[in-house]
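> This structure is in structure tokens; I'll ask about it shortly.
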Amino acid sequence: MSIQKEGMFEELKNNILKEKQLSKELDSMFIYYEQVKEAREKRLVKTQFDLLRNSLKKANEFVLIELKKINLARPLEGKFERNKLFEKSLKDVSELDEATLKRLKKSEEEKSIPIKKKKASKYVQRASKKFGKRVKKMLDQKMFATLERDLIQANLQFPPIAYISTIFYSTLISIFIAIFLFVFFLFFNFGPALPFITKATESVGLRFFKVFWILFLIPIGTYLFMYFYPSMEKKSIGTKIDRELPFATINMAAISGSMIDPTKIFSIIISTKEYPALEKEFTKLMNEINIYGYDLVTALKKVSMNGPSKKLSELLNGLSTTISSGGDLPQFFDKRAETLLFEHRIEKEKETKSAETFMDIYISVVIAAPMIIMLLLMMMKMSGLGISLSTSMITLIAVLAVTGINIAFMTFLHLKQAGE
């Protein structure tokens, strides 16, 4: 068998060499045919050319036939080895299928995350049940248009009817609390020394004029705080957005340079999780497109109208104009990022100056003022002029004053930091 194969390969080799030689002769014959001018000689050359071409064709056909006879695959040796290889292949396929199924199952579990539905608290439910119908009539008459807009811009998870009903319900409860405190302070005093609660020795009429303001202060304060809270929250969110916007705009400029769909720019910014304040606004934008079916330009205008940040609204309005007019998006984002970064640097400088002023005030009020007050009180006690207080009372007043001032400053810093 091996001798027969060697002879087959030798014959195939000779035919291939023959084809090579015929190809060279055809090439030279063709060049010579182009140079011949006499008709008779041309016919002789053409006849020779046709003979060489037919010989090359036959040699080529022989080579193809011989190639088909050659089988390079090696048969399996023995039934046992074939079965073993077959079982191994089945095992590999089953392991691959199992791994694929596990991966698909895992991806389905990741995608099928249960959606948590937020239910209103019982307090809000009671408020809506008690005041919902009246509030609805008021909203129809546009009585709380500003508050309704602030609720939307502040991204508070409250429908306007529920929130305004909660305002009225909380104010109603605060009236009862104010009445209780009014009656309590009408007959009792509350002091810093033991016993803390003592019976009032003054007449009821005099006590009434001293504590009647409780009846109005607590309900009015509750109503005003809850009414203006969405506006304060909107300003806080707007400040956070303004701080993130310059750096997000730089990223948007880099992304838009790849000439992708403008909608994908906002999806990429959301997926980075680096801009939590902007993420909420861009999510609202994507919801307008994917859920409500608006086009990008319309969605940009709607989100810009209900946004808590003026700078973000200007950016989205400018972007919608650029897209509508077919402008250059990378250039638009570059110019806007440059402007926003310049404004950001100015804001930082202002904050540094205000922090220095705030530190000077704090040192003056917390350190110098209590010392001066203690000296004055001690001098008044020693000279017998004015109010004479004991040493323990002077110390208590100084400690309470310093504590109160520190609490006030800490509250101010906390609110300022939260706003930033």
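> Report whether or not Ala277 is in a helix (DSSP H, G or I), touching a helix residue (DSSP H, G or I) at 6+ places or on another chain (Cβ under 8 Å) and modelled with pLDDT under 90.
Against the criterion (in a helix (DSSP H, G or I), touching a helix residue (DSSP H, G or I) at 6+ places or on another chain (Cβ under 8 Å) and modelled with pLDDT under 90), Ala277 qualifies.
> Within segment 220-241, track down each residue that is under 26 Å from Leu340 (Cβ atoms) and of a type in the set (A, V, I, L, M).
Scanning segment 220-241 gives Met232, Ile237, Ile241.
> Quick check: anything in segment 227-237 touching a Phe, Trp or Tyr at 6+ places or on another chain (Cβ under 8 Å) and modelled with pLDDT of 90 or more?
Checking segment 227-237: at least one residue is touching a Phe, Trp or Tyr at 6+ places or on another chain (Cβ under 8 Å) and modelled with pLDDT of 90 or more.
> When both residues are 6+ apart or on different chains and their Cβ atoms are under 7 Å apart, which pairs have a first residue that lies in segment 338-351 and is in contact (Cβ under 8 Å) with a residue 12 or more places away in the chain, and a second that is surrounded by 15 or more Cβ atoms within 10 Å (Cβ to Cβ) and among the β-branched types (Val, Ile, Thr)?
Going by the 7 Å Cβ cut-off, the qualifying pairs are Leu340/Thr249.
> What's the number of the condition Glu61 fails, among (1) out of contact with any helix residue (DSSP H, G or I) (no Cβ under 8 Å at 6 or more places or on another chain); (2) assigned to a loop (DSSP other than H, G, I, E, B); (3) at pLDDT below 85?
The failed condition is (2).
> Would you check if Lys335 is at pLDDT 90 or above, surrounded by 13 or more Cβ atoms within 10 Å (Cβ to Cβ) and not small (Gly, Ala, Ser)?
yes
The values are calculated or read from the model by the stated rules, or taken from the named source; none is laboratory data. The shown structure was predicted, so the numbers you read here are calculated from the model rather than taken from an experiment. Note that each Cβ is placed from the backbone with ideal geometry, even for glycine, and that neighbours are counted across all protein chains shown.
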